[in-house]
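One structure is given here, and the rest of the page talks about it.
The values are calculated or read from the model by the stated rules, or taken from the named source; none is laboratory data. Remember, it's a predicted structure, so these values are computed and weren't measured experimentally. Every residue, glycine among them, receives a Cβ derived from its backbone with ideal geometry; neighbour counts consider all protein chains shown. Quick note on the areas: whole protein, heavy atoms, side chains included, nothing else; ligands and nucleic acids left out. Shrake-Rupley method; radii C 1.70, N 1.55, O 1.52, S 1.80 Å.
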Amino acid sequence: MSRSQTTQALPAIHFRRDDDPDWHWLESRDDPQVKAFLRAANRESDAFFAPLTALENALYEGHLARRELKVTGLPTALDRFRYWSETAGDADYPLWWRQAVQSDAAPELLLDLEARSKAHDFLELGDMAISSDEEWLAWTEDASGNEYFDLYLKRLPDGEPQRLRRRIGPDLVWAEDNRTLLFTRYDATQRPASVWLLRPEDDHCEKIFEEIDVEFWVGLGKTRSRQWLVLETASKDTAECHLIPARTPKTPPVCVRPRETGIEYALEHRGDLFYVLHNRDGSHFRLDTAPVSQPANWTPLVPHRDDVTLEGVDAFGWGLVVTERDHHEAQVYLRVIELTGDELGSDVQLTDGVPGARLPLPEAPCSLALGDTPDFHTRQLHLREESFTLPVRWIEHDLDSGKQRVLKTQPLYGDLQPDDLTCRRLWAEGHDGERIPVSVVTRADSNGQSPMPTLLYGYGAYGEVLDPWFSIARLELLTRGVAFAVAHVRGGGDRGEPWYLAGKLEHKENSFRDFIAARQALVAEGISDPDRIAAYGASAGGLLVGASLNLAPEAFCAAVLDVPFVDVLRTMENPDLPLTTAEYTEWGNPDEPAVRRRIRDYSPLDNLTAQPYPTMLLQGSWHDSRVPYWEPAKLYARMTELGSARGPVLLRTDMASGHGGASGRFKAWRDNARQDAFILWALGLDAL
């Protein structure tokens with residue numbers, strides 16, 4: 001198939017309405033013409049992909065051949081049983097099992113998601129919660145993709161599942177009385193707004209907390225010590241926590257410290273103290289202690305530092321694990337702090353004046369996180385490691401000996417093994433002189449060769465980090481000579497809290513310019529062929545790519561925008577949509593004229609002109625409650641009407657999924673293969 005081949009935009013021509021040039025009618029979900037339009041666009045997409053079927057199949061089969069299809073999860077032990085998941089080689093969904101810790105008894109099947117999926121086109125597990133006496137299992141599941149969840153309960157091991165509630169939030173927590181469940185409910189805009197207490201034995205249900213501020217979401221948690229239930233209500237930049245004794249869940253929630261605009265805090269518990277991570281006196285966060293009797297009285301433990309952001313704290317009987325991010329290296333670390341009774345006794349280790357010491361990294365850059373370690377008293381930490389070249393592995397780190405042993409490694413088959421891959425970190429120069437990290441992954445034998453076709457990925461919002469992750473599907477691109485690059489742009493959290501703040505609200509344009517700067521650096525370093533660079537972004541990453549294309553349409557030969565947030569101004573002007581009001585602190589409230597102008601100046605749909613855009617694949621989902629299907633659909637319609645793109649503009653809408661795409665793994669892998677076939681075609685690598 002020629003790279004210059006285009007497809008006729010019949011849906012955009014046939015369904016155009018002269019009285020609605022912006023295609024807002026596509027927002028009318030109940031209008032039969034909307035589905036007719038989306039299905040016509042899908043048929044057009046199918047026709048385009050028909051000549052690429054052999055390539056798509058090769059990518060799909062190659063992916064399957066590289067991975068272990070039968071997967072057994074790493075067991076996690078509670079008090080009486082160890083729990084794990086198993087996915088059969090031909091199954092989409094896992095089965096959950098348990099076995100008594102001190103017994104050779106046969107394993108017990110707790111939950112068979114594969115069997116439950118047979119009645120649905122889509123199934124997603126929201127949360128699972130096992131009562132402390134390990135007699136009850138509660139879970140939430142979404143059977144449509146719209147992120148409304150139903151609550152189920154069963155007596156373990158083989159009781160009949162009962163559906164207790166419909167259309168609630170995903171979160172569940174058991175109180176320590178083994179009789180009481182806490183869950184969240186949505187308001188009319190699908191905002192988690194209230195916490196409910198449910199006693200299944202007599203179906204007693206009551207609301208115990210409600211958040212009336214539309215910018216705040218409610219979440220649930222329980223400290224690892226099992227002593228406290230934590231109700232957190234938070235916006236994008238402000239938090240407030242409420243506590244309930246876990247053994248007496250009927251106790252009214254008590255606020256730790258009333259919210260202050262711009263102040264975020266979270267807490268953990270150990271002994272007579274709470275450990276409070278907050279940014280009250282420094283934007284990079286510090287860690288304080290507070291007496292259980294006076295939780296609002298905070299005393300410094302780990303100081304604020306200019307070059308490090310504290311991201312999380314986990315408490316154990318012996319001390320703390322603090323997650324922190326080095327700004328200069330754009331690298332996450334785990335700091336272990338062993339504490340005495342007086343918290344900072346003379347025997348507490350200090351590193352550069354900071355309590356504790358960092359755990360070693362397997363390589364840098366990499367991802368390192370505390371794994372599932374529910375035992376409050378364990379001195380064997382489970383760690384999860386991976387990088388762009390290192391498949392996921394789980395490590396046990398012994399605090400007493402300092403030794404580590406590998407518990408499990410993701411198997412990898414085929415011609416590309418970790419030693420055959422290489423990753424390097426570039427530093428692009430931004431439009432204002434800032435240094436932007438760019439990660440590049442290639443086959444080791446491709447390093448130093450002539451400029452390569454490249455896929456550039458980005459996100460850049462909400463402070464989310466793009467720490468290195470291993471992808472088996474990506475190997476199918478690498479083996480065909482593609483370089484994979486990640487632009488760690490401002491708006492993400494890759495270089496800590498300052499990096500996030502420098503790419504939101506009035507600084508949002510930095511994200512787009514950073515993405516273009518990353519592309520330029522790849523070319524300047526001789527890594528990427530300037531005529532063969534494709535861009536990829538999903539959700540807010542779709543905004544990143546869409547806005548970048550408006551700024552520099554000829555910088556890329558192709559773009560994939562997956563469930564892209566591209567109608568930013570119109571969405572933010574509609575407070576009745578899910579998520580909108582909670583997003584004001586990320587994008588701004590367009591009721592303010594200056595904010596409205598600012599959003600309009602970068603919103604992709606509001607800045608389309610007849611420019612030489614690259615060929616595009618736009619992907620949406622009918623049940624998506626985060627980025628509605630009509631955003632990519634409107635972009636498709638208006639792009640094809642402009643007719644200025646250098647290649648086809650395609651729209652594919654999954655009519656059975658939500659924001660995250662297909663829930664079954666085989667369908668998700670098939671969708672990924674189709675997407676990669678488009679990328680390879682656009683890069684001129686579609687020959688088998």
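Peptides 533-544, 208-219, 466-477, ordered by how many other C-beta atoms sit within 10 Å of their residues on average, highest first, read 533-544, 466-477, 208-219.
Here is the P(r) of the stretch 46-181: all C-alpha pair distances, binned every 10 Å from 0, give 11, 33, 31, 15, 8, 2, 0 in whole percents.
Legend: residue pairs Lys70/Lys118; Lys154/Lys250; Lys508/Lys667; Lys70/Lys222, Cα-Cα distance threshold 31 Å; pairs beyond threshold, Lys508/Lys667; Lys70/Lys222. A cut-off of 5 Å between modelled amide H atoms, ignoring neighbours fewer than 5 places along the same chain, links Asp654 with Gly620, Ser621, Trp622. Among residues other than Glu434 with Cβ under 14 Å from its Cβ, the summed charge is -1 (Lys and Arg +1, Asp and Glu -1). Phi-derived couplings, Karplus 6.51 cos²θ - 1.76 cosθ + 1.60 at θ = phi - 60°, listed residue by residue for the stretch 644-660: 9, 5, 7, x, x, 10, 10, 10, 10, 10, 7, 7, 10, 10, x, 4, x Hz, with x used for Gly and Pro. Based on every Cα atom in the stretch 449-497, Rg and the maximum pairwise Cα distance Dmax equal 12.8, 37 Å.
What translational diffusion coefficient, to the nearest whole µm²/s, does the stretch 13-80 have by Stokes-Einstein, given a Kirkwood radius computed over alpha-carbon pairs, a temperature of 4 °C and 1.567 mPa s viscosity?
Estimated via Stokes-Einstein, D reaches 77 µm²/s.
Between the amide H of Arg270 and those of Tyr275, distances stay under 5 Å, these residues lying 5 or more places away or on another chain, with hydrogens modeled in the peptide plane.
Straight Cα distances below 23 angstrom link Lys504 to the lysines Lys236, with same-chain residues fewer than 8 positions distant left out. Summing charges over all other residues whose Cβ lies under 15 Å from the Cβ of Ala58, with Lys and Arg as +1 and Asp and Glu as -1, gives -2. Residues Val71, Val308, ordered by accessible area of protein heavy atoms at a 1.4 angstrom probe radius and largest first, appear as Val71, Val308. Computing Rg and the Kirkwood Rh from the Cα coordinates of the stretch 352-431 gives a ratio, Rg/Rh, of 1.06. Taken over the stretch 527-607, the percentage of Cα pairs per 5 Å bin, counting from 0 up to the bin with the maximum distance, is 3, 16, 23, 23, 15, 9, 6, 4, 1, 0. Sparsely packed loop sites in the stretch 543-634 (the GluC sites (Glu not before Pro) outside DSSP H, G, I, E and B with at most 16 other Cβ atoms within 10 Å) comprise Glu573. Computed about its Cα centre, the charge dipole of the stretch 220-297 is approximately 380 debye, with only Lys, Arg, Asp and Glu carrying charge at their Cβ. Carbon-plus-sulfur accessible fraction, the stretch 571-611 (probe radius 1.4 Å, protein heavy atoms only): 45%. Residues whose amide H comes within less than 5 Å of that of Met452, counting only those at least five positions distant or on another chain, are Ser528, Asp529 (H built at 1.01 Å from N in the peptide plane).
Counting DSSP beta bridges with both partners in the chain, what percentage is antiparallel, nearest 5? So the antiparallel bridges amount to about 85 percent of the total.
Per residue, the convex hull spanned by the Cα atoms of the stretch 473-568 measures out at 110 cubic angstrom. Spherically averaged projected area of the convex hull of Cα atoms, the stretch 629-669: 3.6 nm². For the stretch 185-251, the alpha-carbon radius of gyration amounts to 1.17 times the rule-of-thumb value 2.2 N^0.38 Å expected for a compact globular protein. Taking every alpha-carbon pair in the stretch 130-275 and binning the separations at 10 Å intervals from zero gives 11, 40, 35, 12, 1 percent. Computed over neighbours whose Cβ is under 14 Å from that of Arg155, the net charge equals -4, Lys and Arg +1, Asp and Glu -1. Over all orientations, the stretch 219-261 has a Cα convex hull whose mean projected area works out to 3.2 square nanometres. Each residue of the stretch 271-280 was assigned a 3J(HN,Hα) from its phi angle through the Karplus expression (A = 6.51, B = -1.76, C = 1.60, θ = phi - 60°), giving x, 8, 10, 9, 10, 10, 9, 8, 10, 5 Hz with x at Gly and Pro.
The heavy atoms of Glu497 present about 30 square angstrom of accessible area, all protein chains included, probe 1.4 Å. For the stretch 644-688, the equivalent ellipsoid derived from the alpha-carbon gyration tensor has semi-axes of 23, 16, 6 Å in decreasing order. Applying the Karplus relation 6.51 cos²θ - 1.76 cosθ + 1.60 with θ = phi - 60° to the stretch 399-413 yields 3J(HN,Hα) values of 5, 6, 9, x, 7, 10, 9, 7, 8, 6, 10, 5, x, 9, 10 Hz, where x marks Gly and Pro. The share of C-alpha pairs in the stretch 111-174 whose separation exceeds 17 Å stands at 37 percent.
Summarising the overall dimensions of the chain from its C-alpha atoms, the Rg and Dmax are 25.5, 78 angstrom.
In terms of overall dimensions, the C-alpha atoms belonging to the stretch 406-454 reach 44, 32, 13 Å along their principal axes, ordered largest to smallest. What number does the stretch 275-332 give for Rg over Rh if you use C-alpha atoms and the Kirkwood radius? Rounded to two decimals, Rg over Rh is 1.00. Note on the stretch 199-350: Rg/Rh from Cα positions, Kirkwood definition for Rh, rounded to two decimals, is 0.99.
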